[in-house]
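The values are calculated or read from the model by the stated rules, or taken from the named source; none is laboratory data. It should be emphasised that the depicted structure is a prediction, and the values quoted were computed from it without experimental measurement. FYI the Cβ positions are ideal-geometry reconstructions off the backbone, even for glycines, and counts take in every protein chain you see.
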Amino acid sequence: MTDTSHTHPRAILDLMPDDDGGPVFQEPWQARIFALVSQLYVDGRYAWDDFKDLLIDEIQSQGAEDGSDYYERWLSAAERLVTAKGMAQVEELAQCKEHLAKHPPHPTTSAPGPITVDPARKA
């Protein structure tokens, strides 16, 4: 298990584009890759600085000046991370991407706002 104690999980949120209403994702896949990378970190699968360094490199070397490809860079950094850490092989990722290109997931919808939980019920 990787020591991730030096970075608090809330620090992940500092990297997200946001507006006054909170995090902004233009497409569902952006939220998914953000969640995946974040959960791998919270699970102790890598040190946050490992991903942060890859993301910075992606943005500096290939990023659009206006930041419009932020999540494409996030995805590329994530692919580099999981292969470098042995969580997946390059060939596996290529196969998954090919499959997804041929069989895209069904669209998802969500509504902004707080999550509510029904109060406990007495038996």
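What the table below lists for this structure:
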{"item": "Selection within region 30-55 - surrounded by 14 or more Cβ atoms within 10 Å (Cβ to Cβ) and among the β-branched types (V, I, T)", "result": "I33, V37"}
{"item": "Qualifying helices (runs of 4 or more DSSP H) (wholly inside region 1-118; at least 1 residues being at pLDDT 90 or above)", "result": "28-42, 48-62, 70-84, 90-102"}
{"item": "Qualifying positions in region 32-56 - under 18 Å from C96 (Cβ atoms), of a type in the set (A, V, I, L, M, F, W, C) and free of Cβ contacts under 8 Å to residues at least 40 places away in the same chain", "result": "A35"}
